[in-house]
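Working notes, beginning with the structure itself.
The values are calculated or read from the model by the stated rules, or taken from the named source; none is laboratory data. Everything quoted here is computed from the prediction, not taken from an experiment. Every residue, glycine as well, gets a Cβ built from its backbone with ideal geometry; the counts of neighbours run over all protein chains shown.
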Amino acid sequence: MLASKDAKKAYTHVTAAALRCKDEVMRNVDVVQENCSDILADAKAINEARAAKTAEAVIEDASEEVAFDAAEAVIEDAAES
Amino acid sequence: MRFYILHESPGRIRLRADVKSMSLEQADLLEAWLLSQSGVNQVSVHERTFSVTVIYENDRAAICRMLAGFSFEKAASQTQPLAHSSRAMNRKFKEKLVCLVLCHYARRLFLPAPVRRVLGIIRSIPRIFYALKALAHRRLTVEVLDGIAIGVSLLTGDYPTASSVRFLLRVGETLEEWTHKRSVDNLARSMALQVDKVWRRNGSVQKQMPLSDVVPGDLIVIHTGHVLPLDGIIEEGEVMINQASLTGESVPVAKSPGTAVYAGSVVEEGNCVVRVTAATGGNRYDRIVRMIEESERLKSGVEVHASSLADKLVPWCLAGSALTWLLTRNISRAVSVLMVDFSCALKLSMPISVLSAMSEAGRRKITVKGGKFMEKLSESDTVIFDKTGTLTNACPTVVKVQPFHNENADEMLRIAACLEEHFPHPVANAVVRAAKERGLEHSEMHSEIEYVVAHGIATKINGKRTVIGSGHFVFEDENVTILPEDQPRFDALSDALSWLYLSIGGTLSAAIGISDPLHPEAKRTIEALHGENIEKIVMLTGDNKKAAKAIAKQLGLDETLAEVLPEDKASYISAEQTEGRTVIMIGDGINDTPALSLADVGIAVGNGAVIAREIADVTIAADDLTELVYLKQLSDRLMRRIHGNYRFVIGFNGVLILFGALGLLTPAVSALLHNTSTLLLGLHSMTELMPSAKLAALMPLTEDNDKERKARKVSYNET
C-alpha cells in the first residue's frame with residue numbers, strides 16, 4: 001500500500017506542496033524584511049528632519065565677521081580720507 | 001522595464017520590477033547594472049519578491065528615467081555580471097535559518113508531547129557525545145556545559161528547556177558557518193578579480209590583455225611575485241615557483257623550460273614565458289576557494305576569543321550549581337543554575353558581531369581573513385611599516401645623477417642601468433626606466449653578475465671591479481674610496497633623496513639620487529594611529545640611514561631601521577613579540593612575506609605583490625593609508641562590543657541565576673527572560689559599528705579642511 005504507485009503520486013504532491021510552502025514562507029520573510037527596512041529608512045529621515053530643525057533654531061556666532069566688517073569699514077574710511 | 005514604486009523616502013526608493021519571474025543571475029545582473037550607474041550609492045535586489053531598493057544621491061527623475069530604460073538584454077551587453085555571486089549561498093543560509101526557527105516553533109505547536117520527547121532525546125545524543133569527548137580529553141569546555149545542561153534537563157524531564165538550548169546552539173552554529181563561508185567567499189572573489197590581465201607575447205611585442213582572451217597556445221609573460229593565471233609549460237626562463245596553493249609545500253621549487261606549471265602557483269624569483277595549455281575556466285575561482293579553506297588561518301576559527309571567554313565560565317557555572325545544591329539541598333534549584341546557559345548567548349552574539357564587522361570592512365574593500373585578526377588589531381601596540389610601496393608611492397624615480405671625477409652623467413646612468421636591469425627591485429627598475437627615458441641604450445658590457453641581496457650588484461667591466469648599491473655596501477663592504485677633489489661634491493648630496501652609489505675600479509664614480517615621494521596621507525595616518533593606542537610606529541627600509549632619518553623626522557615615527565635585509569624584518573618582529581608586544585606589519589613586497597606571516601597581523605596594502613596579499617591576514621584594496629586607522633577603530637569598537645556583550649550576558653544571567661536560586665523566579669519566566677535577552681543581544685550585534693556620521697567626524701580629512709578654513713579666515717582677518 002505505502003509503496004504503491006498512487007501513494008508515490010501522493011508523496012510527490014505533498015513534497016511539491018511543501019516546497020511551494022517553503023517558497024511562500026521565504027517570500028514572506030523577504031516582504032517583512034523589506035518593510036522593516038522601509039520603516040527604518042523613514043525613521044532615519046524623521047530623525048534627520050528633526051536634527052535639521054534643531055540646527056535651524058540656532059543663531060550663528062558671527063562676532064568675527066562683524067568685527068571683520070567693522071575693520072573693513074575702518075580701512076575703507078582711512079583710504080577715503 | 002516597468003517598475004512599480006512601493007515606497008519612497010528622501011534619497012531612497014523601493015520598487016517592484018514588473019516581471020513574472022527573476023532568476024538569481026538576473027537579480028545579480030540588475031544589481032550590478034544599477035551599481036554601475038552614476039548617482040547610485042547602494043542597491044539591493046530581492047529576487048523572490050522582485051523588489052529593488054535604490055539609494056541614490058542625484059535627482060529622482062534621473063533615477064526613474066534610468067530605471068525605465070533598463071532591460072536585461074541591454075544590461076547583459078553593458079555590464080560584466082559577477083562571475084561568482086554569493087546570492088545562492090546567502091539564500092541557502094537564510095532558508096536554513098528560517099527553517100530552523102519555524103520548525104522549532106512548529107514542533108512545539110503541533111507535535112504531540114511524546115513524539116517531541118523521543119525526537120528530543122535523539123537530537124540530544126550528539127551534544128552529550130561531544131561533552132563526553134571533551135571530558136575524555138580532560139578539557140572543561142562549553143561543550144561540556146551544553147552537554148550537562150541538555151542531559152540534566154532531559155533527566156529531570158524538562159524537555160522544553162533542553163529543546164530551547166539545542167535550538168539556540170544550532171542557530172549560533174549556523175550563523176558561524178555563514179560567517180565563515182561569507183568571509184571565504186568575499187576573499188576569493190576579491191582575489192579572483194585581481195589577476196584579470198596578463199602580458200601576452202606575440203613575436204617580440206608584449207601586450208597586456210584580459211585573461212579571458214587568452215587561448216591555449218598563447219605565450220604569456222609572468223614576472224616575479226605574480227600568480228600564474230593559467231596552466232602551461234615554461235618556454236623560457238628559470239624560475240623559483242611556490243606551489244603552496246596546490247601542494248601545501250611552501251618551499252619554492254626551481255622550474256626550467258619544458259616543465260609544466262599550474263595555475264595558482266606563484267613565481268617567487270625570476271621571470272618566465274609560459275605557453276598556455278588550458279584556457280581559463282570556472283575552476284580558477286574554485287581553486288582559490290579551496291586554497292583559502294585549506295590554509296589553516298581561516299580554520300583556526302573566527303570566534304576564538306568568544307569561545308575562550310565562554311570556556312572560562314564553565315567551572316564557575318558548575319561550582320555555582322554545586323553551591324546551590326549544598327546550600328538548598330534542592331536539586332531543581334541547582335539545575336536551574338545550569339539551565340541559564342551563558343554559552344548560548346555568547347555563541348549567538350559573537351559570530352553576529354564579528355560577521356557584521358567583517359562585512360562592514362568588506363564594504364570598504366578591506367578583506368579580513370578571520371575574526372581573530374580583528375581581535376589582534378585591537379590589542380596591537382606596535383605598527384611596523386615597510387617603506388617602499390607602503391609609506392611611499394612604490395614608484396621611485398631617478399631625479400639626479402651626480403658624476404664624480406670627470407665622468408659623464410649619461411654614461412654613468414647607462415652603466416648603472418646595464419647592471420640594474422638584472423635585478424627585480426623598484427629602485428633598480430627606476431634606474432632602468434630613467435636610462436630608457438633618456439634614450440640611453442647599452443650592450444652587455446660586463447662579465448658575470450654577482451648579487452648581494454638587498455645591498456647591490458658587483459661585476460667586472462673591462463677587467464675593473466664595478467659595484468652599485470647602498471652606501472653601506474659600496475663604502476664599507478667594498479671599501480670604495482672617494483677622491484679628495486670629489487669630497488665637497490659628495491658632501492653636498494641632498495639628504496632628502498636616497499642615493500645609489502656606483503663605483504668603477506675602487507673609486508666612487510657616480511651617485512644616483514632617487515626620490516620616492518611619501519604618500520600624502522602618511523603623516524596624517526601616523527598621527528591618527530598614535531591617537532589610537534599605538535605606542536610604537538616603526539619604519540623598516542633597505543634605504544640608507546640619512547634618507548630614513550629624514551623621513552622619520554618628517555612623519556613623527558618612533559623608530560626607524562635603515563639598511564635592513566628581508567630576514568632582518570622578520571627577526572625585528574620576533575624581537576618585538578618576545579618583548580610582549582602585539583605587532584601589525586604593513587607591507588606589499590615579496591621580501592615582506594616572512595615578516596607578514598610572522599607578525600600578529602600582516603596587512604597588505606594596495607596593489608602589491610600577489611604573494612604578499614595571499615600571506616597577509618588582512619588586505620586593503622584602496623591605496624589609502626587612512627584605511628588602516630579605520631580598520632583599527634573598527635576592531636576596537638568590535639572588541640568593545642564583544643566585551644560589552646560578555647558583561648551583559650554574565651550580569652543579566654547572573655541575576656537570573658540568583659533569583660532562580662532564591663526561588664524568586666519560576667524556571668519558565670527565567671527561560672523567557674533569558675531567551676528574549678539573547679535575541680535582543682543578537683539584534684543589537686547586527687547594527688553597524690561605525691555609523692557614517694561618526695565616521696565623518698573621525699576622518700581627519702574633514703578636520704584638516706576645517707583647520708585650513710579657520711586658518712584662512714584668521715589670516716584674512718589680520719590683513
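Brief remarks on what is shown
- Selection over the stretch A:1-60 of residues that are more than 28 Å from B:Leu102 (Cβ to Cβ), assigned to a helix (DSSP H, G or I) and polar (S, T, N, Q) gives a count of 2.
- Residue under evaluation B:Gly120, criteria (1) closer than 30 Å to B:Leu313 by Cβ; (2) not in a helix (DSSP H, G or I), criterion not met: (2)
- Here is the figure for the stretch B:44-64: residues that are away from every other protein chain (no Cβ under 13 Å), hydrophobic (A, V, I, L, M, F, W, C) and not in a helix (DSSP H, G or I) total 0.
- Test: residue in the stretch B:65-86 that is within 12 Å of chain A (Cβ to nearest Cβ) and exposed (fewer than 15 other Cβ atoms within 10 Å of the Cβ): no
- For the stretch B:3-18, the count of residues that are touching a Phe, Trp or Tyr at 6+ places or on another chain (Cβ under 7 Å) and more than 14 Å from chain A (Cβ to nearest Cβ) is at least one.
- Within the stretch A:26-43, the set of residues being of a type in the set (Val, Ile, Thr) and either within 9 Å of another protein chain (Cβ to nearest Cβ) or buried (at least 17 other Cβ atoms within 10 Å of the Cβ) (or both) comprises A:Val29, A:Val31.
- Residue among B:Arg637, B:Arg581 that is in a loop (DSSP other than H, G, I, E, B), at pLDDT 85 or above, charged (D, E, K, R) and farther than 30 Å from B:Gly264 by Cα: B:Arg581
- Selected residue (only one of B:Glu57, B:Glu47 is touching a strand residue (DSSP E or B) at 6+ places or on another chain (Cβ under 9 Å) and of a type in the set (D, E, K, R)): B:Glu57
- Spans of helices (runs of 4 or more DSSP H) in the stretch B:469-572 with at least 3 residues surrounded by 15 or more Cβ atoms within 10 Å (Cβ to Cβ): B:522-530, B:545-555
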